[in-house]
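The values are calculated or read from the model by the stated rules, or taken from the named source; none is laboratory data. For clarity, every value in this text was computed on a predicted model and none was experimentally measured. Reconstructed Cβ throughout: ideal geometry from the backbone, glycine too, with neighbour counts over all protein chains shown.
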Amino acid sequence: MNRAISPLLALLLLAACGGSSVQASTADRSDDDEDEDSFVDEEDGEGDDDGGFVDQALLREVGESLELGAPVLVVGTGVTVRPPAGAQSMPFGAGFLALRQRVQLSVVVAEGGPAVLETIRTGGDPNAPEPAAQSEIEISGQQGRLGRDVVRTEGGTLERQWLLVHDGTRGMGVVVTYESERARGYRRAVRESLSSVVWDREAALDAAAALGIDVGPVDGLEASNRSSANLVMLVPGEPFPPEVGQAVLTVSPLPVRIPEDRVSTLCGQLAARFVPLPSDRIQLEGDVDDGRLPGCERLGTAPINEAGDEVVTYAALLFHEGTPILVTATVDAAELATWRPRFASAARTVRVR
């Protein structure tokens, strides 16, 4: 299976997870301005007729409706949903891509308090858009929210509809992203898709299955399986989320695609951004040419307070058909000698399923 991500899909992925490169624009509407019917059917105003040439084929494509397929279980999440008809499983992520319709459906389930829902919606981006519309819904016996927002990117404007539910222990989010020009034909079907969700709250989370990526075994660490969004490995018995100085390793596919002829040039630059330390603090740097995936790595020690305490910070960028997979790790600097070879070894075990 070709898991490379095209520039368009990268744009959709960034918008769906609230990436920092997305410049958000908030629709100037309040919850009271929206009722259930307007949430579904409200359309952008018609453009002025200036008598100019109209591409009829493009007009038909933008105005087309969205058809849904049969319910499908999203592996590793316990969530079943009706994706767009003909959609494919998302490369390196839990969800689906409908390539012709330019729609992405992403699913995230994570342990944590109610605040995890906003993290799922925004991806942690402080500039993520505020909801333009919201309504309540019941999913598998739990109260949740349906909502819509708009994000502006360098490549155009995207609309998202999302479902957020919390059961007291876990948060579940489904985010559907599509070009805003297609909202007229897509909104009703997307809402129907979100309303179709069935959530098995007892299902075991499995990030490796959800992402299609494996790592390890890693000496001293085990998979935490507390989130489907990225693969996290912790020392057995250690708390989650991890505390500063605790040994932790994460594997996360990045929603971009780099031309393969530029990988060798850009890899070191990207690694330096993830480990932005002066050269005298770098303990390990170079290519990863002896692992399952090619790439590069960087490791150094960074101060964390005025008392002089330090942590080890590690990053490796691995590449599969131009798609970067980021491996990050950290631990207290006093344990550098033990964990440096383990982190490096872990990066060399990463493979695509």
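Assuming GLY212 fulfils every condition listed in (1) within 24 Å of VAL103 (Cα to Cα); (2) in the same structural domain as VAL235 (by TED's automatic domain parsing); (3) out of contact with any Phe, Trp or Tyr (no Cβ under 7 Å at 6 or more places or on another chain) apart from one, which condition is it? That leaves (3) as the condition not met. Here VAL198 meets the list (1) under 19 Å from the mean Cα position of the chain (by Cα); (2) over 18 Å from VAL116 (Cα atoms); (3) of a type in the set (Val, Ile, Thr) almost entirely, failing just condition (1). Scanning the stretch 221-257 for residues that are assigned to a loop (DSSP other than H, G, I, E, B) and either in the same structural domain as ASP167 (by TED's automatic domain parsing) or under 17 Å from VAL107 (Cβ atoms) (or both) returns ASN225, ARG226, SER228, ALA229, ASN230, PRO255.
Could you tell me whether the stretch 296-319 includes any residue that is surrounded by fewer than 19 Cβ atoms within 10 Å (Cβ to Cβ), among the small types (Gly, Ala, Ser) and modelled with pLDDT under 90? Yes, because at least one residue in the stretch 296-319 is surrounded by fewer than 19 Cβ atoms within 10 Å (Cβ to Cβ), among the small types (Gly, Ala, Ser) and modelled with pLDDT under 90. Taking the criterion of being crowded, with 20+ Cβ neighbours inside 10 Å and touching a residue at least 24 places away in the same chain (Cβ under 8 Å), the residues of the stretch 221-249 that qualify are LEU221, SER227, SER228, ALA229, LEU231, VAL232, MET233, ALA247, VAL248, LEU249.
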